[in-house]
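Peer 1: Take a look at the following structure, please.
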Amino acid sequence: MANESDNSVRALFNEAAELADAAERAAFVPAANAALEQLFRYAVVGGPATVRTGVTDFLRATGVDELMTTAMIFDQAARLRSFEILAALRESG
């Protein structure tokens with residue numbers, strides 16, 4: 001059973017996905033489209049499996065050996081949960 005924090009994280013993921021979908025549907029000028037593509041190029045939004053795939057793909061594409069992450073999530077518990085998901089990926093190898 002999901003706790004309140006998990007529900008908040010899911011709600012934020014859904015909002016982010018809806019915004020991304022809306023951005024794709026919008027008729028932006030080419031410069032705005034390019035800016036949005038750059039902004040969201042390496043964004044990873046989703047649950048543990050999606051995050052694992054996104055982070056793995058990013059590491060392979062860039063060859064970096066260190067990540068600095070941020071989560072623009074207002075709700076502190078949801079933000080913490082987001083970082084816990086990411087940390088669990090690192091710990092599981």
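The values are calculated or read from the model by the stated rules, or taken from the named source; none is laboratory data. What you see is a predicted model, and the numbers here were worked out from it, not measured in a lab. Note that each Cβ is placed from the backbone with ideal geometry, even for glycine, and that neighbours are counted across all protein chains shown. Remember, those area values only see protein heavy atoms, side chains included, never the ligands or the DNA or RNA. Shrake-Rupley method; radii C 1.70, N 1.55, O 1.52, S 1.80 Å.
Peer 1: Do we have residue 53 as in a helix (DSSP H, G or I), more than 16 Å from residue 15 (Cα to Cα) and out of contact with any Pro (no Cβ under 8 Å at 6 or more places or on another chain) here?
Peer 2: Yes.
Peer 1: Restricting to segment 5-38, what's the tally of residues that are open to solvent by less than 60 Å² (accessible area, probe 1.4 Å), more than 28 Å from residue 81 (Cα to Cα) and at pLDDT below 70?
Peer 2: Going through segment 5-38 one residue at a time, the tally reaches 1.
Peer 1: Ok, one more. Within segment 68-80, track down each residue that is part of a loop (DSSP other than H, G, I, E, B), of a type in the set (A, V, I, L, M) and either within 25 Å of residue 21 (Cβ to Cβ) or open to solvent by less than 70 Å² (accessible area, probe 1.4 Å) (or both).
Peer 2: Result: 71, 72, 73.
Peer 1: Using the structure shown, decide if residue 61 is under 26 Å from residue 21 (Cβ atoms), hydrophobic (A, V, I, L, M, F, W, C) and open to solvent by less than 70 Å² (accessible area, probe 1.4 Å).
Peer 2: In short, no.
Peer 1: Could I ask something else about it? Run down 58, 83 and say which single residue is touching a Phe, Trp or Tyr at 6+ places or on another chain (Cβ under 8 Å), among the aromatic types (Phe, Trp, Tyr), at pLDDT 85 or above and not in a loop (DSSP other than H, G, I, E, B).
Peer 2: Checking each option against the conditions leaves just 58.
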